[in-house]
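No value in this document is a laboratory result; all are computed from the given coordinates. Treat the numbers as computed from the prediction; the structure is a model and nothing was measured. Ideal geometry is used to build each Cβ from the backbone, glycine not excepted, and the neighbour counts take in all protein chains shown.
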């Protein structure tokens with residue numbers, strides 16, 4: 001199936017009964033409700049005038065308004081549709097969806113609505129700006145494409161050749177190079193035969209999430225050609241956004257995408273388990289793990305990062321109350337960080353508070369975007385602020401690199 | 001012409017009023033089968049003062065107002081009966097006002113959900129008696145009080161929502177704000193008692209469907225949380241045997257929850273194909289199978305007409321054990337087979353989880369109809385419900401997933417849920433039959449068994465006009481006319497219903 005349009009999702013859209021678990025609350029099994037009841041929609045909790053249109057069911061009803069009643073998008077409703085991280089917690093608690101994207105895929109409905117908006121020439125200005133930057137520079141930050149591999153300068157690997165392609169992504173290239181560096185150092189220490197693309201382009205996630213599918217498809221095709229040229233069968237990425245996009249969305253665009261896609265944590269978990277990577281240095285910290293939505297809820301990778309953290313000597317691993325499929329989004333995803341940075345950051349403060357509640361010093365994630373947003377929220381989190389690091393940074397320490 | 005949007009924005013602020021078609025459409029229905037009816041505006045008040053000003057304004061211009069809680073009702077609530085007017089989304093008023101752990105009362109704004117309220121009092125080692133309806137993760141206490149809801153947890157021991165309200169703050173259609181119960185005394189230090197001087201004015205607003213006033217705060221009974229609990233599940237050859245046991249257990253007043261299930265529920269849980277089953281159904285299946293590992297028990301259970309399960313809470317393991325032994329003795333004497341605590345414990349530990357088990361893969365609509373009836377009618381009403389569902393389902397190919405009853409004190413609330421697993425277009429073909437089953441269930445409870453309907457809303461309002469004594473209806477009308485002479489609150493509902501039915 002190609003990237004679904006509203007018409008393709010009609011069946012799903014009409015399945016919404018409007019029970020409203022997506023609006024209010026989630027019970028996180030297997031705990032008793034009274035102890036583990038939380039709000040469902042992070043956006044709804046952080047916007048003023050939070051009518052039901054902000055929720056999962058609201059998106060289904062907006063879509064019905066378009067499909068069934070022929071309503072024209074209003075500026076207000078376009079803003080509502082773009083104020084969503086597509087985190088998918090609503091899909092998890094929805095009675096009709098039951099966590100199954102084949103039943104009701106709320107994030108897909110939001111993305112189809114955005115595509116419809118873009119197709120009608122109503123795209124919000126800053127999404128157009130990002131599209132233009134990506135078109136020109138092959139990254140949404142508007143950074144010089146020639147400097148994309150600058151982070152690699154101090155590390156000795158030759159682009160081209162190898163069994164595995166490390167797809168490092170725009171954010172690690174330009175904003176969080178420490179993640180890309182730590183990743184390749186770990187790969188080298190474990191003897192992984194890998195390579196990187198000299199001319200990697202943005203994976204297109206932000207464009208797909210914000211409805212700009214034409215450019216997204218161009219990026220997919222360009223990247224797939226480059227990857228084919230390298231001759232690998234497996235792609236590994238340290239970015240949750242790239243991961244979901246490569247793993248779930250690329251195959252919808254082109255049949256030529258036949259690569260196995262892994263997140264760094266999946267590969268590292270295997271390497272540590274088989275003894276190729278030794279974690280022997282003590283890391284004396286109390287650490288909690290924040291599940292990136294695109295890695296956890298969207299792709300169901302929950303255990304690998306936890307296995308890794310639990311193997312670090314000296315590290316005390318604690319869980320926050322909202323974890324795995326019921327994790328609370330940090331606010332960065334779905335294009336929200338670029339659309340409304342203040343809203344995205346306010347959501348990340350919640351995560352600092354939760355981490356402090358369980359006495360964690362450090363929030364670890366496995367996504368450069370989560371790291372950035374959680375770090376941006378540290379000052380607002382004030383006394384609740386935790387140190388924020390990516391999992392590969394901790395692993396690098398533990399591996400004495 | 002009056003610029004209502006601006007006037008409303010002047011009260012609640014620009015961001016909390018909307019005439020956006022998408023917003024209005026989202027608030028145009030509840031979760032049932034009734035069609036969408038769009039309001040002209042949706043308003044989200046943030047305080048009692050704002051609600052008062054809104055009602056005063058609407059009364060002045062005779063604008064209909066439809067208060068809405070979680071929107072989780074099914075019989076046409078919280079959305080216009082007659083298109084137009086204002087939907088008052090109360091979910092912004094969701095604060096806990098006071099937890100009084102000495103006079104044992106919690107006061108909260110009515111837009112708070114049951115899930116949140118349970119959590120907040122639970123953190124203080126307290127418990128609600130009535131813990132909310134099964135939709136309590138989205139349903140608000142205000143909506144439940146307006147519908148005199150039945151809780152799926154705590155109902156047997158503590159009764160329905162109506163039995164747990166100690167007082168209300170209500171905005172009348174005129175905009176006047178009153179407190180009921182002991183709170184009517186302006187010198188009151190605690191809202192600890194439901195009755196003020198004179199009649200039960202608190203009761204006037206319970207189950208009123210929001211036609212007399214808008215509830216803005218409610219005070220509910222509190223209890224100390226009991227640390228120990230256990231459960232039991234017993235299968236009975238016939239529902240008559242189950243009913244006899246239930247009556248005896250109810251007399252002892254020792255269970256927190258007590259439920260009766262028809263075999264259709266067990267068949268659904270045990271035999272629903274995995275590709276249709278939700279995660280909750282599969283988990284429940286495991287719990288039942290755990291109790292019937294023994295072949296004899298398995299055979300008895302799958303052939304039993306009914307089964308019951310109950311939960312018991314106590315301050316010590318010993319207390320729970322003694323109470324459980326009493327239930328066990330009663331059930332065993334009635335010829336039942338013990339299928340272990342597993343299902344009951346799962347139910348207890350997954351509060352607000354019953355509904356999760358009724359959704360199927362595909363396109364599901366749950367059609368439920370409930371009424372309060374004496375417990376002496378359990379066997380009859382469940383059988384009659386199943387017969388209706390069977391007849392309709394056989395002809396039109398949909399499934400009925402759930403038939404049983406919740407025991408609330410010495411009442412029972414038969415509950416049946418039907419669901420369709422199909423695609424959207426095919427649903428249109430069976431919708432008529434689902435609707436007919438819904439009407440037949442409603443009429444059976446109200447006319448054949450003389451029950452008091454649980455929900456009213458648009459769907460039941462006209463049926464009540466046919467069933468209730470004309471003099472009673474006249475009295476309700478007089479009260480309505482006195483409090484709401486312009487009929488601005490929930491026009492179209494009992495006792496002035498519109499439509500057909």
By average C-beta atoms within 10 angstrom, highest first, the peptides A:5-15, B:272-282, A:331-341: A:331-341, A:5-15, B:272-282
Segment B:186-306: Cα Rg divided by the 2.2 N^0.38 Å rule of thumb: 1.60
Cα gyration tensor shape for segment B:4-89, rounded if a/c is under 1.5, else prolate or oblate: prolate
Which distance in Å, rounded to a whole number, links the C-alpha centroids of segment A:325-401 and segment B:417-473? 50
Chain B: relative contact order as a whole-number percent, Cα under 8 Å and 6+ apart: 16
Per-pair calculated FRET efficiency, R0 = 51 Å: residue B:49 and residue A:144 via Cβ, rounded to 0.05: 0.35
Rank the residues A:308, B:270 as a footprinting-exposure proxy: fewest other Cβ atoms within 10 Å of their Cβ go first. B:270, A:308
What fraction of the DSSP beta bridges in chain A is antiparallel, stated in percent and rounded to the nearest 5? 15
Helix B:470-483 vs. chain B, principal-axis angle (Cα, 0 to 90°, nearest 10): 40
Where does segment B:331-411 land on Rg/Rh, using Cα atoms and the Kirkwood Rh? 0.99
Sites residue A:361 and residue B:204 - FRET efficiency at Förster radius 45 Å, r taken between beta-carbons, to 0.05: 0.20
So if I take the centroid of the Cα atoms in segment B:74-121 and the same for segment A:141-213, what is the distance between those two points in Å? 50
Once you sort the root eigenvalues of the Cα gyration tensor of chain A as a ≥ b ≥ c, which label holds: rounded (a/c under 1.5), prolate (a/b larger than b/c) or oblate (the other case)? oblate
Which residues among segment A:218-234 fall inside the zone where the amide N is under 18 Å from a point 7 Å beyond the Cα of residue A:260, along Cα→Cβ? A:228, A:230-234
Classify segment B:228-453 as rounded, prolate or oblate, taking a ≥ b ≥ c as the square roots of the eigenvalues of its Cα gyration tensor: rounded when a/c is under 1.5, otherwise prolate if a/b is larger than b/c and oblate if not. prolate
C-alpha long axis of helix B:48-61 to longest principal axis of chain B, angle in °: 60
Work the Kirkwood hydrodynamic radius out for chain B: mean of 1/r over every pair of different alpha-carbon atoms, inverted, in Å. 23.4
On the formula 1/(1 + (r/R0)^6), with r taken between the Cβ atoms of residue B:478 and residue B:449 and R0 of 45 Å, the FRET efficiency rounded to 0.05 is 0.95
Where in segment A:50-92 is the amide nitrogen less than 13 Å from a point lying 7 Å along the Cα-to-Cβ axis of residue B:5? A:74-77
Using Cα pairs under 8 angstrom and six or more residues apart, how large is the relative contact order of chain A, in percent? 16
Within segment B:357-374, find all residues whose amide N lies under 16 Å from a label point positioned 7 Å from the Cα of residue B:247 along Cα-to-beta-carbon. B:373-374
Over 19 Å [Cα-Cα, segment B:406-501], rounded percent: 55
What angle, in degrees between 0 and 90 and rounded to the nearest 10, separates the Cα long axis of helix B:317-333 from the longest principal axis of the Cα atoms of chain B? 70
Taking the beta-carbon count within 10 Å as an exposure proxy, list B:326, A:117, A:109 from fewest neighbours to most. B:326, A:117, A:109
With a point put 7 Å past each Cα toward its Cβ, work out how far residue B:303 is from residue A:193 in nm, to one decimal. 6.6
Convex hull per residue volume in Å³, alpha carbons only, for segment A:194-270: 85
Restricting the calculation to Cα positions, tell me the Rg (one decimal) and the Dmax (whole number) of the protein assembly as shown in Å. 28.9, 92
Could you work out the relative contact order of segment B:296-372, using alpha carbon pairs under 8 angstrom and six or more residues apart, expressed as a whole percent? 28
Under the Debye formula (equal points on every Cα, no solvent term), log10 I(q)/I(0) of segment B:96-224 at q = 0.13, 0.19 Å⁻¹: -0.45, -1.00
Could you put A:39, B:332, A:136 in order, starting from the residue whose Cβ has the fewest other Cβ atoms within 10 Å? A:136, B:332, A:39
